[in-house]
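First the structure, in the form of structure tokens, and then the observations on it.
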Amino acid sequence: MDRKDKPKVIQSYEKLSKELREQIKLVYPEGYIQHLIEFTNAKGELVSALPFETDEKVYLIKMSDIKAQEIIELDDDYEDGSLKKSVREKYEDEYSDVDYLSENENYNEE
């Protein structure tokens, strides 16, 4: 499915499934703040969000710079702003069959 044909879902990080949150960590192992984009929502408000694409949908995960930083600081999977190597390896094994992860432009960026 072509990216422009996929439905766009705007959602908060907290409402995502555990699996999606883990996959997002693989795509953004150095944190989220530098990958946030801004767009105007249907109400005309400027919103910042983290883009994440699956085979079925394009997610825009609502978060501010401050929220993006807090998520990483409070997450035990991260240490000094980076995904721990052991956690990364665990998630890579767990999601090795998820094709869209390897197709994501930020995946395996080091």
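Every number here is computed from the coordinates shown, using simple stated rules; none is lab data. The model shown is predicted, which means the values in this text are computed figures rather than measured ones.
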Problem - Potential lengthening between R21 and S64 on full extension [0.36 nm per residue; Cα-Cα distance subtracted] - result: 13.8 nm
Practice task
Give the total of Lys-Lys pairs in the chain with Cα-Cα distances below 12 Å; include a pair only if its members are 8 or more places apart or on different chains.
Solution key: 7
Exercise for the section: Give, in nm to one decimal, the length gained when the segment between E56 and V98 is fully stretched (0.36 nm per residue of separation minus the Cα-Cα distance). Expected result: 13.9 nm
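Can you tell me how much longer the chain between I37 and S86 gets when fully stretched, taken as 0.36 nm per residue apart minus their C-alpha distance, in nm with one decimal? Before the final figure, lay out each step's value.
Details: separation 49, 0.36 × 49 = 17.64 nm, distance 2.90 nm.
So the extension gain works out to 14.7 nm.
Rounded, prolate or oblate: pick one for the chain, where a ≥ b ≥ c are the square roots of the eigenvalues of its C-alpha gyration tensor, a/c under 1.5 means rounded, and failing that, prolate if a/b is larger than b/c, else oblate. Please report the intermediate quantities before stating the final value.
Working: a/c = 2.05, a/b = 1.22, b/c = 1.69.
Oblate, since a/c reaches 1.5 and b/c is not below a/b.
How many percent of DSSP beta bridges within the chain run antiparallel, rounded to 5?
Working: 11 of 16 bridges.
Here the antiparallel bridges make up roughly 70 percent for the chain.
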